[in-house]
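Report on one structure; see the data block that follows.
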Amino acid sequence: QVQLVESGGGLVQAGGSLRLSCAASGSIVSINLMGWYRQAPGKQRELVATITSGGITNYADFVKGRFTISRDNNKKMAYLQMSDLKPDDTAVYYCNMEVKTDKGSYSRLDIYWGQGTQVTVSS
């Protein structure tokens with residue numbers, strides 16, 4: 001059983017910063033891709049940023065230059081540093097990881113999601 005738990009969301013004024021964290025736990029062999037997604041009310045979930053196990057990052061155009069994704073492989077953590085926040089960034093932010101688990105005689109690769117953390121940016 002793998003669990004992802006996000007933290008760090010909250011209420012911030014426009015122009016402010018927040019740092020989201022995501023901790024993975026369970027019978028984890030390794031974690032490949034880590035990512036952050038967000039879903040605003042009435043909208044579909046959208047990709048914010050991803051980072052490979054080797055540290056290669058990818059960002060949605062709407063966060064480039066403002067958000068930074070990072071990871072700590074030893075701690076099984078993902079981070080999203082958000083700066084210059086705008087009201088349009090208001091959403092529930094979800095952590096996503098591609099996790100390899102040990103099933104005894106074989107290993108298995110699955111996608112896991114956290115429960116989400118609310119980020120609200122006031123104007």
Residues of the range 11-62 being open to solvent by less than 40 Å² (accessible area, probe 1.4 Å), β-branched (Val, Ile, Thr) and at pLDDT 95 or above, in sequence order, are 12, 31, 48, 50, 51
Listed by first then second residue, the pairs whose first member lies in the range 54-68 and is at positive phi, whose partner is in a loop (DSSP other than H, G, I, E, B) and open to solvent by less than 70 Å² (accessible area, probe 1.4 Å), with beta carbons under 9 Å and at least 6 positions apart or on separate chains, are 65/83
Filtering the range 95-118 down to residues that are at negative phi and without any contact (Cβ under 8 Å) to a residue 40 or more places away in the chain yields 103, 105, 106, 108, 111
Item to check | Condition check for residue 121: in contact (Cβ under 8 Å) with a residue 12 or more places away in the chain and open to solvent by less than 30 Å² (accessible area, probe 1.4 Å) | outcome: yes
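Here is a yes/no grid of residues against (1) closer than 19 Å to residue 113 by Cβ; (2) over 12 Å from the mean Cα position of the chain (by Cα); (3) in a strand (DSSP E or B); (4) hydrophobic (A, V, I, L, M, F, W, C):
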residue	(1), (2), (3), (4)
11	no, yes, yes, yes
24	yes, no, yes, yes
33	yes, no, yes, yes
62	no, yes, no, yes
79	yes, no, yes, no
(1) surrounded by fewer than 11 Cβ atoms within 10 Å (Cβ to Cβ); (2) within 12 Å of residue 31 (Cα to Cα) all hold for residue 106 apart from (2)
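Can you tell me which residues in the range 90-123 are aromatic (Phe, Trp, Tyr) and in a strand (DSSP E or B)?
93, 94, 112, 113
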The condition of being closer than 12 Å to residue 119 by Cβ, in contact with a Phe, Trp or Tyr (Cβ under 7 Å, 6 or more places away or on another chain), of a type in the set (A, V, I, L, M) and touching a residue at least 40 places away in the same chain (Cβ under 8 Å) holds, among 48, 92, only for 48
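The values are calculated or read from the model by the stated rules, or taken from the named source; none is laboratory data. Fair warning: this is a prediction, and the values are worked out from it, not measured in the lab. Using ideal geometry, Cβ is built from the backbone for each residue, glycine included, and neighbour counts are taken over all protein chains shown. Keep in mind that these areas ignore ligands, DNA and RNA; they rest on the heavy atoms of the full protein, side chains included. Shrake-Rupley method; radii C 1.70, N 1.55, O 1.52, S 1.80 Å.
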